[in-house]
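The values are calculated or read from the model by the stated rules, or taken from the named source; none is laboratory data. Fair warning: this is a prediction, and the values are worked out from it, not measured in the lab. Cβ: placed from backbone, ideal geometry, glycine included. Neighbour counts: every protein chain shown. We work out accessible area using only protein heavy atoms, side chains counted, and drop any ligands, DNA or RNA first. Shrake-Rupley method; radii C 1.70, N 1.55, O 1.52, S 1.80 Å.
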Amino acid sequence: MSPENRNVEMPESEETKLTLGLPGDQSAKSGIKRGFSGTIDLNIGGSSEDDHEEQHDSDDDDVDVGGHIHLRSSETKAPEAKAQVVGWPPVRVSRIKNVKKSCKYVKVAVDGAPYLRKVDLQMYNSYHQLFTALDHMFSCFTIRNNLNYERKMMMEPASAAANGMEYVPTYEDKDGDWMLVGDVPWK
Amino acid sequence: MLKMANSFPEEVLEHVFSFIQSDKDRNSISMVCKSWYEIERWCRRRIFVGNCYAVSPRMVIRRFPEVRSIELKGKPHFADFKLVPEGWGGYVYPWIVAMAVAYPWLEEIRLKRMVVTDESLELIAKSFKNFKVLVLSSCEGFSTDGLAAIAANCRNLRELDLWESEVDDLSGHWLSHFPDTYTSLVSLNISCLGSEVSFSALERLVGRCPNLRSLRLNPAVPLERLANLLRQAPQLVELGTGTCLAELKPDVFSNLAGAFSGCKELKSLSGFWEVVPAYLPAVYSICPGLTSLNLSYASIQSPDLIKLVSQCQNLQRLWVLDYIEDVGLDALAASCKDLRELRVFPSDPFGLEPNVALTEQGLVSVSEGCPKLHSVLYFCRQMSNAALLTIARNQPNFTCFRLCIIEPRTPDYLTLQPLDVGFGAIVEHCKDLQRLSVSGLLTDRVFEYIGTYGKKLEMLSLAFAGDGDLGLHHVLSGCENLRKLEIRDCPFGDKALLDNAAKLETMRSLWMSSCSVSYGACKLLGQKMPRLNVEVIDERGPPDSRPESCPVEKLYIYRSIAGPRIDMPGFVWMMDEDSALRLS
């Protein structure tokens, strides 16, 4: 039985439009939060149903064993960052380290599950915690984390293929590429 | 009068002086006459040095031979926001070396914004047999090895407080260096440390110190451990929790709630990193007794904040993130009538769009509802003159008013005018205002108000404000009690500075960065004013290599009787009498 795809859709509302970037960057006044060049940008923003459908089809053709959790990305690229003002606003470094954006709620949809769930990415400090939480939410499925997956692939490709009901988390980045969750550091 | 002064035996005067603790009063006493100066200096036990470069260790020791407690401050305040380059100075080691010889009975060292090395800590641990209090506030340069030396050697240590310091955290093992015979701990603050300390060592330490009143844990202490610690120390008055991130487990929750309810003396709560709102009710039982609550590291949203804060009717101090929103501040104003101090920090300081519904209205509500409110630090994204006027009228008792509108040069959002009139109302109505930080769009007019009305003002912070020199002139010529002035990104130049040079000797310090003060003016100032240290801080290279009219990057001017310091790094140039004569 081929594993179903599991998709994570992004909410469309403005409040949950998100961009991850280095603390201290400021984007232009257009209101779109910043991205930064040179590193992988996990843009989580508005979605379109059409994109979702396309991705769903192409994923069926993927070679990956197991299903996918897709984190939808926004198609808009962030505008150029405004020049950084050092030391402004006047917030101590220790507070900046703790600064978090407003809740990053992310929709998780699994084909085959009767309803969607929402997950706050800020509640977790690591991919492992996120997977554990998703495990609890979708208790009929198991999420395989990145490390285990790679290890199994290297050592026992046969048994990896045999784990039919396990899922591999993936996300779509701003370039539209499907990436395995876990390569980029959590923060 | 002279006869009367001489007729009192010294011991009597000493006894009388011992009731006078404030530095200001002590200084006044010492100026009455020579014999009082002599008596006073021999019996002064506590010294406060607001700028460690204003005086040398040798001078302090020479005048005050019997000191038991010293407080030193190093870097300028703007160092907190990374405006002072790494390596600028503020080294405590020379002080420790001198005091190790001169003050073997030293009991207390309190340092703020200083560079403290392990070597310094080891010297402290070795030199002062009766050492009791070590407070390192916003310090850096030391590691947990230095802490281990303190723990191992200071048998009479009462207080170890690492408030917001940057520690090279090699391991949590240092805590285990407190010997089993050590029982005198009263206050421990390790909230800035990253690594895990041995929980069993911590529990044993807490368990054997019956006088422990204040315990601020670091984020590495998980929730499950907290209940045990609380049961070991139900006499705690101040608690900083560790991290609270955990799925809600009913048994952990009830254990924690039970432990908290046993802490009947608890007045202050802080910590709450990563707190899961479901655990908050565990502290409800002690909320009515709380006078101080620091939630500024907790990403709790306003509904949970409201539930919590509404139970703290005796709250006097609240530090919180702007997740509290206007609606939460309304609730605060309604429930906490004894509130004295409020700080609202930005949860998303670098975002451009507001992420929370916090506006000027929240501050208006609190100023209206809390009659004892006198100290405010408020970050927000919009402000109006009307709101500031209302706030000023509601609450003329402000002693500290710090408003940070996040986007520089933001005008009144209703009228698009500068906020001069609003801040003017604040200084006019709040006659006891000692500390003020302004922000938003401001012209020289606001400085006219500040100079006219800010007669009690001691510390003023300016950023992205003003039109020209006149603004600075108003402040320097009008604010009679000004001690610390810090300015960044304002178009202030040479004239106001040079015209008010004498004023600078009556102040502790002046910081100006990204302003328009020329190198030539700095040289002139250094030459004219021998009792000022005029430091040019410029990472672009020697100021001599640029035209004299070229503005300096940063300028730090402070009065000093110690002369130029000898520990300046390569990017700091001292302007002194010789500077005008030096060849380029």
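In this structure, the residue pairs whose Cα-Cα separation is over 29 Å, taken from B:Lys73/B:Lys337; B:Lys34/B:Lys456; B:Lys503/B:Lys523; B:Lys456/B:Lys554, are B:Lys73/B:Lys337; B:Lys34/B:Lys456. Per residue, chain B reaches -9000 deg cm²/dmol at 222 nm when only DSSP H runs of four or more residues are counted, each adding -39500 (n - 2.57).
With Rh defined as the Kirkwood radius, the inverse of the mean 1/r over Cα pairs, the Rg/Rh of region B:72-153 is 0.98. Using Cβ point charges alone (K and R +1, D and E -1), the dipole size of region B:386-494 about the Cα centre works out to roughly 460 debye. Of all DSSP beta bridges confined to chain B, the antiparallel ones make up roughly 20%.
Residue ranking by accessible heavy-atom surface, 1.4 Å probe, largest first, among B:Lys528, B:Lys112 comes out as B:Lys528, B:Lys112.
The value of relative contact order for region B:36-162, using C-alpha pairs under 8 Å at least six residues apart, is 21 percent. So what is the relative contact order for region B:305-381, in percent, with contacts set as C-alpha pairs under 8 Å and at least six apart? Taking the mean separation of contacting Cα pairs over the length of region B:305-381, I get 37 percent. Could you sort out which of B:Lys455/B:Lys495; B:Lys267/B:Lys484; B:Lys24/B:Lys264; B:Lys267/B:Lys431 sit more than 29 Å apart by Cα distance in this structure? In this structure, B:Lys267/B:Lys484; B:Lys24/B:Lys264; B:Lys267/B:Lys431 exceed 29 Å between Cα atoms. Measuring nothing but how far apart in sequence close Cα pairs (under 8 Å, 6+ apart) lie, relative to its length, chain B scores a relative contact order of 6 percent.
Across every direction, the projection of the convex hull enclosing the Cα atoms of chain B has a mean area of 28.3 nm². Ordered from longest to shortest, the equivalent ellipsoid semi-axes for region B:190-332 are 24, 16, 14 Å, each the square root of 5 times a Cα gyration tensor eigenvalue. When the accessible areas of A alone and B alone are added and the area of the pair subtracted, with a 1.4 Å probe, the result is around 3100 Å², both sides summed.
A 1.4 Å probe over all protein chains sorts B:Tyr284, A:Tyr115, A:Tyr171 by accessible area into A:Tyr115, B:Tyr284, A:Tyr171, starting with the largest.
Residues of region B:399-430 whose accessible area, computed with a 1.4 Å probe over protein heavy atoms, drops by at least 10 Å² once all protein chains are present relative to their chain alone are B:Cys404, B:Ile406, B:Glu407, B:Pro408. A cut-off under 10 angstrom between Cβ atoms defines the neighbours of B:Glu203, and their net charge, with Lys, Arg +1 and Asp, Glu -1, is +4.
With all protein chains in place and a 1.4 Å probe, the accessible surface of chain B carries 54 percent carbon and sulfur.
Here is the list for region B:457-535: GluC sites (Glu not before Pro) lying in DSSP coil, each with at most 15 other C-beta atoms within 10 angstrom of its C-beta, are B:Glu480, B:Glu505. Using the Cβ-Cβ distance between B:Ala100 and B:Ser28 with R0 set to 30 Å, the FRET efficiency works out to roughly 0.45.
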